[in-house]
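S.K.: Below is one structure. I have some questions about it.
The values are calculated or read from the model by the stated rules, or taken from the named source; none is laboratory data. Because the structure is a prediction, the values reported are computed rather than measured. Every residue, glycine among them, receives a Cβ derived from its backbone with ideal geometry; neighbour counts consider all protein chains shown. Please note that ligands, DNA and RNA were not included when accessible areas were found on the heavy atoms of the full protein model with its side chains. Shrake-Rupley method; radii C 1.70, N 1.55, O 1.52, S 1.80 Å.
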Amino acid sequence: MSTSHPPLLELSDLRVAPVADDGSVGKEILKGISLTLRAGTVHALMGRNGSGKSTLSAVLMGHPKFRVTGGSMKYLGEDLTGIPVHERARKGLFLCFQYPMALPGVGVAQFLRQSVKGVRGADVPSKEFRPLVKKHLEALGIPQTFMTRYVNDGFSGGEKKRMEMLHMLLLEPRLAILDEVDSGLDVDALKVVAESINRLRSPERGQLLVTHYQRILDYVVPDEVHVLLDGEIVRSGAADLAREVESRGYEWLAKGAA
Amino acid sequence: MSVSPLSPLVSASLARASGDPDWLAAARAAGLERYAKGGLPSRAEHLWRYTDPVRLVPGSAPSDPETRFGDLPPDFADGTFERASAYAIARDGVLLRAAVDPLIAHLGFLVEDLRAAAASRRALVEPRLFALRDTCDGAGGRFDDLAAALFTGGTFVHVPRGVTLDRPVRIAHRVGGGFAASRSLVVAEAQCTATVVIDLSSAAETDAGTLHETIEIHVGRGAELRVVFVQRLGDRATHAPVVRSRVERDGVLDTVTVALGGGLVKSLQTVELAEPGARANALGIVFADGRRHLDHHTFLDHAAPSTSSDLDYRAAVAGRSRSSFTGRLRIPAAGARSSAHQSNRNLVLADTARADAIPELEILTNDVSCSHAVATSPIDEEQLHFAMTRGLSPADARKLIVLGFFEPALEKIPPGMLADGVREVLERKLGAAS
Ligand SMILES: Nc1ncnc2c1ncn2[C@@H]1O[C@H](COP(=O)(O)OP(=O)(O)O)[C@@H](O)[C@H]1O
Ligand SMILES: [Mg+2]
């Protein structure tokens, strides 16, 4: 990989604050994050609850409840700030939600079809779409009847995550951000999810794996690990940093800790 | 309040009656007399809280129906019975054509002109026609009377005892720019199973006609009847439907009401659960945009013990439109051990649009299982965001969510029958509204 290409994701001193319903901007949640993720790599972002992991995931995808108050976030050299949410998806970004929304009355097949059409900018012929979906359903261990249900409506936790994986595999995003995709999954489901992420890995693509636990990193081995604490990256390192966090917890990384 | 001159209505009623059997002519005269004597209903009545009845008063007698029907709805396969067991085509309240699939004609079910049936099948028609006028306290009776006096025609559907129709009966009704009054009668005899789909449209999108129609529905013992009403009138039309039904022991009435058009709509739907075990499921969806005003009123009367009802009405309002939904539910002491569930949800798509939800519960016994829910809100921002993160434009995401909101009713429209047409109309209107 030539380093002359801009990185997939480049965060420099990124600061983010929440925006309340009345438009007022709250206290900064992310307090200056810098990170460079190159194509062909997987980064893990670890942190305990409340450290700002979901905030980072959300702001990358353009959630209206968060505002960039300083620094920058660049995707393939382009500043993401101000780019509409659906345009980010069309440029190859994908966020796997920690809590995917239910869309009552919206069929899975219809949603996926419209999504693929939106991202590709052209309708997908049924002849192409159906076998593609079938292939992924089989790999994910999802019954065909899934396609006639309503999106995430009454889905179990495991089904929701499988739905997210199905969607991700169909869209083949350039940069996938996975927010706690491993939480609440049993070992079998975890393996299915990890397998999906590994299937997506390629020299052109990258993944940001946001997680609380090290467990999934046994199946998706990261190139770099960052530890987020109270809105700041307090430590970056190789895969073994994750194991260290697993055995020692997060406390020793806290500011001022010995 | 001035009621517009009656004399043209009187002569029109007399002219209609001249072709009718004596008993029907007498009923028309009685209807006209009640209408004239009663004057207009008071706006203090709950039924008229949101719509001034003056706006529904015809200024002239019903126009003579045009004989030319115009183009058939594109999804209406005229003369073929692949999807329908029978069809009827009406213009301005007058039946132009009706036919039953010859392959199942031996079942003896009837789809024909109501006035012709009143003459030729008196024993079937007379006991039922106008029989429900006083059910549910005679709500809406005034305009019911007017339609009795003036109706130019309508459809008579009769499904004999024990007959199962595996394909729907399809009725297409087109109205033009004048005043039309129609009346239909649907009789599902004991133990039969049938579906009737009634599609109402304007001949031209700009037609500003007024349609008064009354539909009476009788569900016999153990019968299962589904009636789907699809109203896709032009945005300048006025529509005043009164749908009255009565369900006997262990009968089931499923109604699906889809109201997409009309500049002014005042709809009343009453159901009398008259005998133990009777059940009614009522689904309704309403879409309003522009400056349209849609007012839907339901009245479910659990007149017998161990009856059940389930009602779910949903409206989405855009532009400067207004929708109101009043759900009246009555369980008198005689309705013990009944269960009744009502839900009214409204999606407000613009700050300038308004949706009102008024539950009216009158429950006079404790021995019931009852629930009701009312909610009015904008589109869920998180749902919108979720759909957009998957590449849908803001407009497409909105459409998707609104169509999903309506889906429980849309999925009840028989396959291959109007469902796609309804989705298309909705998508077009939603596209224009966003
Ligand atoms: N919309 C918001 N408004 C105000 N505070 C918020 C908002 N979203 C998150 N926070 C706060 O920001 C911090 C980080 O939250 P979050 O990003 O969800 O953490 P994590 O995903 O790591 O558990 C928490 O203290 C949380 O309460
Ligand atoms: Mg989180």
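S.K.: Counting helices only, and only those DSSP H runs with n ≥ 4, report the 222 nm mean residue ellipticity of chain A as the sum of -39,500 (n - 2.57) divided by its residues, in deg cm²/dmol to the nearest 500.
M.R.: Rounded to the nearest 500, it is -10000 deg cm²/dmol.
S.K.: Also, I was wondering about something else. So, with a 1.4 angstrom probe, what is the percent of accessible area on chain A that is carbon and sulfur?
M.R.: For chain A, the apolar C and S fraction of the accessible surface comes to 50 percent.
S.K.: While we're here: Round to a whole number: what % of the accessible area of chain B belongs to carbon and sulfur, probe 1.4 Å?
M.R.: After summing per-atom areas, the C and S share lands at 50 percent.
S.K.: Return the sequence-ordered ³J(HN,Hα) values of segment B:184-191 in whole Hz as given by the Karplus equation 6.51 cos²θ - 1.76 cosθ + 1.60 applied to θ = phi - 60°, using x for Gly and Pro.
M.R.: 10, 9, 10, 10, 9, 6, 3, 6
S.K.: I've got another one for you. Other chains near A:10-18: what is the mean number of their Cβ atoms within 10 Å of each residue's Cβ?
M.R.: The shielding value for this peptide is 0.
S.K.: Over the C-alpha atoms of chain B, what are the Rg and the largest Cα-to-Cα span, Dmax, in Å?
M.R.: 20.8, 68
S.K.: Let me ask something else about it. Helix A:126-140: angle to the longest alpha-carbon principal axis of chain A, degrees 0 to 90, nearest 10?
M.R.: Helix A:126-140 sits at roughly 60 degrees to that axis.
S.K.: How far apart, in nm, are the 7 Å Cα→Cβ label points at residue B:424 and residue A:183?
M.R.: For the pair residue B:424/residue A:183, the computed spacing is 4.6 nm.
S.K.: In square angstrom, what is the accessible area per residue of segment B:123-269 with a 1.4 angstrom probe?
M.R.: Here the residues of segment B:123-269 average 25 Å² of exposed surface.
S.K.: Okay, moving on. Which ³J(HN,Hα) values in Hz, rounded to whole numbers, follow from the phi angles of segment A:54-63 under the Karplus curve 6.51 cos²θ - 1.76 cosθ + 1.60, where θ = phi - 60° and Gly and Pro get x?
M.R.: 5, 4, 5, 4, 5, 5, 5, 8, x, 5
S.K.: Of the residues A:108, A:133, A:187, which exhibits the maximal mean-square fluctuation in a Gaussian network model of chain A defined by a 10 Å Cα contact cut-off?
M.R.: Greatest mean-square fluctuation among the candidates belongs to A:187.
S.K.: Ok, one more. If R0 is 22 Å, what FRET efficiency do you get for residue A:27 and residue A:72 from their C-beta distance, rounded to 0.05?
M.R.: Efficiency at R0 = 22 Å is approximately 0.60.
S.K.: While we're on this one: For an R0 of 45 angstrom, estimate the FRET efficiency from the Cβ-Cβ distance between residue A:20 and residue B:333 and round to the nearest 0.05.
M.R.: 0.30
S.K.: Here is a follow-up. Among B:295, B:356, B:101, which one shows the highest mean-square fluctuation when chain B is modelled as a Gaussian network with alpha-carbon springs under 10 Å?
M.R.: B:101
S.K.: From other protein chains only, count the Cβ atoms within 10 Å of every residue's Cβ in A:149-159, then give the mean.
M.R.: If you average over the peptide's residues, the count of other-chain Cβ atoms is 1.
S.K.: Follow-up question, since we're still on this one. At a Förster radius of 45 Å, what calculated FRET efficiency corresponds to the Cβ-Cβ distance of residue B:122 and residue B:376, to the nearest 0.05?
M.R.: 0.40
S.K.: Hey, another quick one. How many nm is it between the label spots at residue B:49 and residue B:106, if each spot is 7 Å from the Cα in line with the beta carbon?
M.R.: The modelled label-to-label distance comes out at 5.5 nm.
S.K.: Rg and Dmax of segment A:132-185 over Cα atoms: what are they, in angstrom?
M.R.: Both quantities, over Cα of segment A:132-185: 11.2, 30 Å.
S.K.: On to the next question. Near residue A:91, within a Cβ-to-Cβ distance under 14 Å, what is the net charge of the other residues, with Lys and Arg +1 and Asp and Glu -1?
M.R.: Working: positive: A:74, A:88, A:90, A:120, A:174, A:205, B:390; negative: A:78, A:79, A:87, A:172, A:204.
With Lys, Arg at +1 and Asp, Glu at -1, the neighbours total +2.
S.K.: Would you mind estimating how fast the protein assembly as shown diffuses translationally, via Stokes-Einstein at 10 °C and 1.306 mPa s with the Kirkwood radius over Cα pairs, in µm²/s?
M.R.: In µm²/s, the coefficient is 56.
S.K.: In deg cm²/dmol, rounded to 500, what helix-only [θ] at 222 nm does chain B give when every DSSP H run of at least 4 residues adds -39500 (n - 2.57) and the total is split over its residues?
M.R.: Calculated at 222 nm, the ellipticity per residue is -6500 deg cm²/dmol.
S.K.: Ok, one more. From the backbone phi of segment A:89-94, what are the Karplus-calculated ³J(HN,Hα) couplings (6.51 cos²θ - 1.76 cosθ + 1.60, θ = phi - 60°) in whole Hz, Gly and Pro given as x?
M.R.: 4, 5, 7, x, 8, 9
S.K.: OK, next. Chains B and A: what accessible area do they bury, summed, in square angstrom to the nearest 100, with a 1.4 Å probe?
M.R.: In total, this chain pair buries about 2000 Å².
S.K.: Return the percentage of antiparallel bridges among DSSP beta bridges fully within segment B:6-380, rounded to the nearest 5 %.
M.R.: On the way: 10 of 140 bridges.
Rounded to the nearest five, the antiparallel share is 5 percent.
S.K.: Mean 1/r over all different Cα pairs, inverted: what Kirkwood radius does segment B:169-307 give, in Å?
M.R.: When all Cα pairs of segment B:169-307 are included, the Kirkwood radius is 15.3 Å.
S.K.: Another question about this same structure. In terms of modelled amide H atoms, which long-range or inter-chain residues lie less than 5 Å from the amide H of residue B:269?
M.R.: Amide H neighbours of residue B:269: B:243, B:297, B:298, B:299.
S.K.: Using Cα pairs closer than 8 Å and at least 6 residues apart in sequence, work out the relative contact order for chain B, in percent.
M.R.: 10 percent.
S.K.: Then there is this: Quantify how strongly other chains surround peptide B:371-384 by giving the mean number of their Cβ atoms within 10 Å of each of its Cβ atoms.
M.R.: Mean shielding by partner chains, rounded to a whole number: 2.
S.K.: While we're on this one: Explain nothing, just the number: relative contact order of chain A, from Cα pairs under 8 Å at least 6 residues apart, as a whole percent.
M.R.: 26
S.K.: Gaussian network model of chain B, Cα springs within a sub-10 Å range: biggest mean-square fluctuation belongs to which of B:217, B:104, B:379?
M.R.: B:104
S.K.: Please list the non-local residues whose amide H lies under 5 Å from the amide H of residue A:180, H modeled 1.01 Å from N, same-chain partners needing a gap of 5 or more.
M.R.: A:210, A:211
S.K.: Just how many % of Cα pairs in segment B:243-308 lie over 20 Å apart, if you round to the nearest whole percent? The partial results should precede the final answer.
M.R.: Values: 770 of 2145 pairs.
Within segment B:243-308, distances greater than 20 Å cover 36 percent of Cα pairs.
S.K.: Using amide H atoms built in the peptide plane, which far-off residues or other-chain residues are under 5 Å from residue B:193 H to H?
M.R.: The list, which skips near neighbours in sequence, is B:163, B:164, B:165, B:224.
S.K.: Right, another one. Enter the mean projected area of the convex hull around the alpha-carbon atoms of segment B:307-354, in nm², rounded to one decimal.
M.R.: Directional mean of the projected Cα hull area for segment B:307-354 stands at 3.5 nm².
S.K.: Determine, for each peptide in B:9-16, B:93-100, the mean count of other beta carbons within 10 angstrom over its residues, then list the peptides with the highest first.
M.R.: On the way: B:9-16: 18.4, B:93-100: 20.5.
Top of the packing list down: B:93-100, B:9-16.
S.K.: Using the alpha-carbon atoms, what tilt in degrees (0 to 90, nearest 10) does helix A:239-248 show relative to the longest principal axis of chain A?
M.R.: Helix A:239-248 sits at roughly 70 degrees to that axis.
S.K.: Simple spin-label model, 7 Å along Cα-to-Cβ: residue B:30 to residue A:81 in nm?
M.R.: Taking the two extended label points, one gets 7.9 nm.
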